[in-house]
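Single-structure report; data block below.
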Amino acid sequence: MKIFKIAFIILTFSMISCKQNSITKPEDIGKNIFELLKGIDKKTVTDYNIHTITYEELKDLVKNSKAKLGYYKGDLESLSAEQFANKSLANFNDIKNAGEKFKIDWNKITYSDFKLEKSEFEMYPFGITKAVKGETYFKNYDGKIYFIKSMSFYDGDGYKTIFLAEIEPKDN
């Protein structure tokens, strides 16, 4: 009986910690993206995919009635596994290439802000934003601020980031 209680406690804590790691508020999307960016020059595309949606999750999202994808649904539905993998790899490489171009030291960046560029499908249900276009801002070691654009969708439980693209310097 004691082993059962210990197993139950461990299972409960692991379930709670998993739930805490899911992105439940739009404001937390930027923090998740920042975690991906830290040290990205040493990461693989598999590491990148941990912070973004997988192909299987994307297909589930398209089928999910709680996910209001609007005019994006057709485009997401038509993506093949190969197209998705190619797009993920291209986005990952674009981030790394932008880092080289702007001389970003990915190990010394600090989180600055996350701005909702545009949110769509709000007030369904209870004011939950279903689609979030955002910009995650971070500061390089030299003090320059950059941002990366993202697109995330709410699936009924949390936000799934579909893609990241276009690192740009912040206009001062």
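The residues of the range 64-101 that are in contact (Cβ under 8 Å) with a residue 24 or more places away in the chain and polar (S, T, N, Q), listed by number, are Asn64, Ser88, Asn91. Taking the range 78-104 as the range and being surrounded by 13 or more Cβ atoms within 10 Å (Cβ to Cβ) and not small (Gly, Ala, Ser) as the test, the residues that pass are Leu79, Phe84, Lys87, Leu89, Asn91, Phe92, Asp94, Ile95, Lys96, Phe102, Ile104.
Within the range 55-62, is there a residue that is in a loop (DSSP other than H, G, I, E, B) and either in contact with a Leu (Cβ under 9 Å, 6 or more places away or on another chain) or modelled with pLDDT of 90 or more (or both)?
In the first step, residues of the range 55-62 are kept if they are in a loop (DSSP other than H, G, I, E, B); the result is none.
No: the range 55-62 contains no residue that is in a loop (DSSP other than H, G, I, E, B) and either in contact with a Leu (Cβ under 9 Å, 6 or more places away or on another chain) or modelled with pLDDT of 90 or more (or both).
Consider the range 68-104 and keep the residues that are closer than 16 Å to Ile167 by Cα and assigned to a loop (DSSP other than H, G, I, E, B). The one that is farthest from the chain's Cα centre (by Cα) is Lys103. Screening Lys42 on (1) at pLDDT 90 or above; (2) surrounded by 15 or more Cβ atoms within 10 Å (Cβ to Cβ) shows it passes everything except condition (2).
The values are calculated or read from the model by the stated rules, or taken from the named source; none is laboratory data. Model, not experiment: these values are computed from the prediction. No Cβ is skipped: glycine too gets one built from the backbone with ideal geometry, and neighbour counts run over all protein chains shown.
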